[in-house]
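Asker: My questions will all concern the structure given below.
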Amino acid sequence: MLFVLFALWIIALGLVMVDPRSSTMRWMSAVAFTGGFGALAAVLSEICIPYIQQTVPNPSISMLLYRFMGICSLISYYGLPYSFAMLSLKYNTSWQKPAIRMWLPIGLLIPPIACLLFTPGYTEEMPIAFPIVASWVVPYIFIGAVLIVIKTERLPAMRRTHLFTCLSLLPPILCVGVLNYVMPSFGYYRMWVYHVWILTFVVPFFVFTFFKYGFLGMRLLIERRKLDSTLRAITSGTAILNHAIKNDVGKMRLFLEKMKQYAEETNQAELIQDIDVVMGSSTHIRDMISRVHEQTQELPLRVSPVHLVELMDEVLLPLTPYVTKVKVSQNISDNLTLQLDRIQIAETLTNVLMNAAEAMPKGGDLIIKAYPAKKNIVLEIRDTGIGMEKAVLKQVLEPFYTTKSGSHSNFGLGLAYCYSVMKKHGGTLELSSEPGKGTSVFLTFPGNRLLT
């Protein structure tokens, strides 16, 4: 059981370290942590206490360890189902009203507290009154599993995360319910020894899905933090680079002007032509680094009430020549008003809409719609263009990555800039795409920006 103990507590520590502010992460960590107490009780029972009894024949030490083992066992038996029930409530909140959200967690504490107070005390042979405890643990686990499974995700990036969350979490929890509570209720005790075999398969799967696809949104969180760090590095780097190049280009142009003046005075036509070429190149370098800096610099937000329909119409109007072959349809509520930086969001929408138009050179459909999702407002922009492969989709938000290799004016910073703008608004930018079927861009704004 040492393997189970270390595996569960390492997972618990990792979960809470990834995002300690997330209540879902904290309760998931609590599930693993309380499960680890059960493994610790088994280690004490099978290894530590027998060893102490053989090497240090002191009844008081053995009794102290025995009591500690009993506490660990009760924490696992009562804490794990309650933690899982709370996890399911935090994971799927769509059905909960404020009163339910406030009082249900307190109500769920009544059965475990009542069992602690009114059922027979702990013994190693019969740690809990299994039939009584199972009467509330089984509904906690079953209903909690159903709540987790039926949670709906509208954003595509979260659908896959939800699938692997279910696959990683529910099988071991259901096995715990059967082996730790149901079977002992029918006289089959110590079935928890089989948890070692279950976790032998679950832990590698958990680690694989964590790094490959994500778990409870962790991979998305890590990728976003990595992208945030990259954007900050580029912002500071381009500012320094822009300043240095402008200074050096200025010096070059000063001396080139002197050389050109001398060439004109001495009537050296070929030298004048060569100097003009060099001056043109210096101007090109200066313009390029300035354009890169403009797309990466940290611009402060200047928020104001923005009617989303009006803003979308303003953005679409100058893009009319680019969407002549495209059928544009909008479904945005007329009274949808958000607190936004009008200029930066307009630039973000322009980038996204231009990408959509360029993906449909022979025409297609451009669908723009806004809808509520949990506590957020999602603006979806979907095209029926050429779409993207999965390998490309994973990289499109990375700064300087571009699929438009033939364009010398494109630096691959458009979507990175859009991501940065949405991040500053407290929102997210996500993409879903399939080759030949088009691309959807989801701009998610926090609900606190909605003006009612």
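The values are calculated or read from the model by the stated rules, or taken from the named source; none is laboratory data. Computed from a prediction, not measured in an experiment: that's the story for all the values here. Cβ placement follows ideal geometry from the backbone for every residue including glycine, while neighbour counts extend to all protein chains displayed. For accessibility, only protein heavy atoms count, side chains too; no ligands or nucleic acids. Shrake-Rupley method; radii C 1.70, N 1.55, O 1.52, S 1.80 Å.
Asker: Name every residue in region 18-33 that is open to solvent by 30 Å² or more (accessible area, probe 1.4 Å) and either modelled with pLDDT of 80 or more or closer than 19 Å to TYR77 by Cβ (or both), in order of residue number.
Answerer: SER23, ARG26, TRP27, PHE33
Asker: Only residues that are closer than 17 Å to SER23 by Cα, small (Gly, Ala, Ser), open to solvent by 50 Å² or more (accessible area, probe 1.4 Å) and not in a loop (DSSP other than H, G, I, E, B): list them for region 69-128, please.
Answerer: none
Asker: Taking the criterion of being among the charged types (D, E, K, R) and more than 30 Å from the chain's Cα centre (by Cα), would at least one residue in region 337-352 satisfy it?
Answerer: No: region 337-352 contains no residue that is among the charged types (D, E, K, R) and more than 30 Å from the chain's Cα centre (by Cα).
Asker: Test SER73 against the stated conditions and say whether it is of a type in the set (Ser, Thr, Tyr), modelled with pLDDT of 90 or more and under 24 Å from HIS162 (Cα atoms).
Answerer: no
Asker: Determine whether region 110-121 contains at least one residue that is under 36 Å from the mean Cα position of the chain (by Cα) and free of Cβ contacts under 8 Å to residues at least 12 places away in the same chain.
Answerer: Yes, because at least one residue in region 110-121 is under 36 Å from the mean Cα position of the chain (by Cα) and free of Cβ contacts under 8 Å to residues at least 12 places away in the same chain.
Asker: Go over the candidates THR348, THR296 one by one and state the one that is at pLDDT below 90, over 24 Å from SER433 (Cβ atoms), β-branched (Val, Ile, Thr) and touching a Phe, Trp or Tyr at 6+ places or on another chain (Cβ under 9 Å).
Answerer: The match here is THR296.
Asker: Counting only residues that are of a type in the set (A, V, I, L, M, F, W, C) and either under 39 Å from the mean Cα position of the chain (by Cα) or exposed (fewer than 12 other Cβ atoms within 10 Å of the Cβ) (or both), how many does region 40-68 have?
Answerer: 8
Asker: Right, something else. For a quick check of your reading of the model, give me the residue pairs whose first member lies in region 1-23 and is closer than 14 Å to VAL202 by Cβ, whose second is of a type in the set (Asp, Glu) and at pLDDT below 80, with beta-carbon atoms closer than 6 Å and at least 6 apart or on different chains.
Answerer: Filtered contacts from region 1-23: no entries.
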